[in-house]
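Everything on this sheet refers to the single structure shown next.
The values are calculated or read from the model by the stated rules, or taken from the named source; none is laboratory data. Predicted model, so just to flag it, every value in this text is computed and none were measured. Neighbour counts run over all protein chains shown; Cβ positions are idealised from the backbone, glycine included. Surface accessibility is based on the protein's heavy atoms, side chains included, excluding ligands, DNA and RNA. Shrake-Rupley method; radii C 1.70, N 1.55, O 1.52, S 1.80 Å.
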Amino acid sequence: MNYDRILIRFGELSTKGRNRKAFIYKLRRNIKRVLRDFEQIKIEVNRERMFILLNGENGFEIVELLKSVFGIQSFSPAIKTDKEIENMKDAALDLFKKIYQEGNTFKITTKRSDKRYFLDTNGVNQTFGAHLLKNIPGLKVDVKNPDINLQIEIRDEAVYFSCENILGAGGLPVGSGGKGMLMLSGGIDSPVAGFLSMKRGVEIEAVHFYSPPFTSERSKQKVIDLTAKLANISGAVKLHIVPFTDIQQLIQKQIPENYSMTTTRRLMLQITDEIRRKNEGLAIITGESLGQVASQTLESMYAINDVTSTPILRPLITMDKSEIIDISRIIDTFDISNRPYEDCCTVFVPSSPKTKPKKEKVQHFESYIDFEPLITKAVENTEVIVITPQSSQQDPLSELF
C-alpha cells in the first residue's frame, strides 16, 4: 500500500486562538503556491490538521518541497482507512512491510481523539503490536529507541497510519505577520535577515540603494538575483531600486568625512521609511549585527534611528559572522553575495568612520543642507521590479531548525 496523503501538523499555529483561521489560510495558500506544479493534489483542512491528498502525484518530491514552508512544525506521509479492525490491520501490516528491514525494532504510538472507539490506547497498541509480531518473523519491540515508530491516529472520520515524522521549517506562514521593508544590500547579511523575518511570518519588500556610475549594472543584477532566492521561499517579492548618486555626492561634499556614513544611513532610513509608508508596510528590516562594523555600534544605531519612529527589526543582532554565513549557504545566497561587485555603501565608505557618533553633532551637520527635495526625488524615481519564484524546486531548509 502506498501513501495516499501527507498529514501536516501546525505546531505554533495551534496557540493562535481567534486568529487561527487566518494563519491556517495563509499556510494553505503558501503550500498551494509551492506545490503549484502538482495539479492533482487536493488540500483538506480541519481545526487540528491539514492533509495533502496526493491523488497519484510524486510524494517524494512533495515531501522535499514542504520542508521549506514556514508554519509547518512537522509532517508525515500517511494512509487513511476506515475503522473496521481487519482493514486497519491489513493497512498497518502493508505499510510496515514497505519500510521494514531485517533486524529493525519497533513500537506503536496511538492517538485516539475518537474516545468512542471500542479499543482504548493500550488496547490499540497491544492489538497492532501483536499483529505485526505474528506476521513478521524476528521482529522485536523497543519502546525507548525503536527503528520504526508506527503511529496510529484514530479520529472521528477515519484512521491514519504513518511511520515517520519529518521536521518542517517551523515559524509562522509568510504573510501572517504583516509587511516589512528589507534594506537589501549586495552583502551576506541582509538576505539572511530577510529570510529570518519571513520565518516569523513577515511579508517582505526589498529596498536597494543604487549609485551609478559608481556602482555597476552587475551590482544591480546581484541584488535582483538575491531577491529571487528569497522569492523562491516566500513567493513574489517587490524590489525597490532607489537612485542614490546625487544624495551620496552631496553628503561627500557637505558632511565631515567621519560622519558621512552616519548621515548616509540616516538618509537611507528616511527614504526606506517613505517607501514603507507608500506601500503600507509596518516595519523596516536590516541585516545589522551588533558591533560588526562602525555603523552597527549601539551609539551609531541610536544616532541613525533618530530619523524615524517606525519599528526597525534586526534579526541578526546577536549573531556572529560565522553563524550568518552558515545560514546564507543553506538558503543559497552566499555565492551571489560574494560576487565582486560593490554596492553604494562600500564604494563611498570613509577611511575612518565614527564608531560613536553623537546624535546632536550629526543633526547639526545636516541642518545646513536641505535634503528633503532630494529625498522626494529619489522616492519618485525609484524603479520597482516584481521578482517571481524561479522554480518550485526549492532547497530543503529543515537542517536549520
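Descriptive notes on the structure:
- Restricting the stretch 90-114 to residues that are surrounded by 14 or more Cβ atoms within 10 Å (Cβ to Cβ) and basic (K, R), the residue that is nearest to L150 (Cα to Cα): K107
- Within the stretch 195-217, the presence of at least one residue that is at pLDDT 95 or above, among the β-branched types (V, I, T), more than 21 Å from M301 (Cα to Cα) and surrounded by 21 or more Cβ atoms within 10 Å (Cβ to Cβ) is confirmed.
- Annotation note: of V143, V124, V63, the sole residue that is touching a strand residue (DSSP E or B) at 6+ places or on another chain (Cβ under 7 Å), of a type in the set (A, V, I, L, M, F, W, C) and open to solvent by 80 Å² or more (accessible area, probe 1.4 Å) is V143.
- Candidates are the residues of the stretch 276-294 that are surrounded by fewer than 21 Cβ atoms within 10 Å (Cβ to Cβ) and not in a loop (DSSP other than H, G, I, E, B); the one that is farthest from the chain's Cα centre (by Cα) is A294.
- Pairs with Cβ under 7 Å, 6+ apart, first in the stretch 317-332 and in a helix (DSSP H, G or I), second β-branched (V, I, T): I324/I188; I324/V192; I325/I188; I327/V192; S328/I188; S328/V192
- Positions within the stretch 238-275 being open to solvent by 40 Å² or more (accessible area, probe 1.4 Å) and either acidic (D, E) or over 33 Å from the mean Cα position of the chain (by Cα) (or both), in sequence order: D246, Q249, L250, Q252, K253, Q254, P256, E257, N258, E274
- Residue among S185, S190 that is within 20 Å of the chain's Cα centre (by Cα), polar (S, T, N, Q) and either surrounded by fewer than 16 Cβ atoms within 10 Å (Cβ to Cβ) or modelled with pLDDT of 95 or more (or both): S190
- Residue check, E86 more than 29 Å from L196 (Cα to Cα), at pLDDT 90 or above and open to solvent by 50 Å² or more (accessible area, probe 1.4 Å): yes
- For M301: the one exception among (1) over 25 Å from the mean Cα position of the chain (by Cα); (2) in contact (Cβ under 8 Å) with a residue 60 or more places away in the chain; (3) not in a loop (DSSP other than H, G, I, E, B): (2)
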